[in-house]
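For reference, the structure discussed in these notes is given below.
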Amino acid sequence: MNAENIQRSRFRRRVLTLLAAPLALVACVVSPQPSPPDPDLSGDGIELLDPGTEELDGFLAFEAAPGSVTPAGGVVIVTNLDGTDAPSTVPVRDDGSFAVALPGFPNNVVRFQVDNDGARSEPIDLAVDATGQNASIVDDEPACLRIDPSRFLPLDGAGDTQTIVLTNDCADTIQIDAPRLRRGRAPISFSPTQPFDIAPGENGFVTVRALGEAEVPGANETEDVLFFEIVGPTPARRAVTVTLPD
């Protein structure tokens, strides 16, 4: 290879190197970054505390052990499903623990859900016993009634419509009272609004829609809980948290 060809080869390599540099930079800029993992909440480490004073009568206090929230971060939204107060929001500590006290009484069911920058965990429900000294994780009953989504339905904003599917795998017809919202202060509508039955092997459908501000003046909350009260053959309750963008 003569001197002229060597010079051209070096020049070509330099040009390719210079061209590759901005391409690599662009690739770094436009490459999607991996999303952080959705938070996970373990109900096993959540303990009901003894208030220890009459001044705290009418309150339920809980403390979650380190590692209850992974990855540690965000807040925990705590809702008394048997009350009508607004949910309580408490920060997650660096070790994945948290503590909260909220209005409540024995026999109440309390829901816990992590919100970490908009990513939410699956809700965990704890039932406080009649003594007010113990709490246990609530399973979905009856197990043969499948609800999809089972406990959490995010809506994307005004006009977004989603369907909750209830599937009856039981041997008997499931009778459900009129669905209702826990507070009714978020711009959310649902249908049907009347009681309905689901025969064995059949599906029921509930449509949930996010409304605009003009449709529901003054409804400025961003989440609520939609209840399905099962009246037969065995009384039970299912609850689906419905959220809107902040």
**Which listed residue, of Glu223, Glu213, is at negative phi, touching a residue at least 24 places away in the same chain (Cβ under 8 Å) and surrounded by 13 or more Cβ atoms within 10 Å (Cβ to Cβ)** = Glu223
**Request:** Just give me the residues in region 93-104 being farther than 13 Å from Phe62 by Cα and either in contact with a strand residue (DSSP E or B) (Cβ under 6 Å, 6 or more places away or on another chain) or in contact (Cβ under 8 Å) with a residue 40 or more places away in the chain (or both), in sequence order.
**Result:** Gly96
**Prompt:** Looking at (1) assigned to a strand (DSSP E or B); (2) in contact (Cβ under 8 Å) with a residue 40 or more places away in the chain; (3) farther than 23 Å from Arg237 by Cα, which is the only condition Val90 fails?
**Reply:** (2)
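Mind checking which residues of region 56-87 are within 16 Å of Asp117 (Cα to Cα) and in contact (Cβ under 8 Å) with a residue 60 or more places away in the chain?
Within region 56-87, just Ile77 meets the criteria.
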**Any strands (runs of 3 or more DSSP E) falling wholly within region 113-184 and containing at least 2 residues that are at pLDDT 95 or above, surrounded by 13 or more Cβ atoms within 10 Å (Cβ to Cβ) and of a type in the set (Val, Ile, Thr)** = 124-128, 161-168, 174-176
**Fill in**
If you go through Ser68, Ser35, Ser97, Ser88, the only one that is at pLDDT below 95 and of a type outside the set (Val, Ile, Thr) is Ser35
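The values are calculated or read from the model by the stated rules, or taken from the named source; none is laboratory data. Nothing here was measured: the structure is a model prediction, and the numbers come from that model. With ideal geometry, Cβ positions are generated from the backbone for all residues, glycine too; neighbour counts draw on all protein chains shown.
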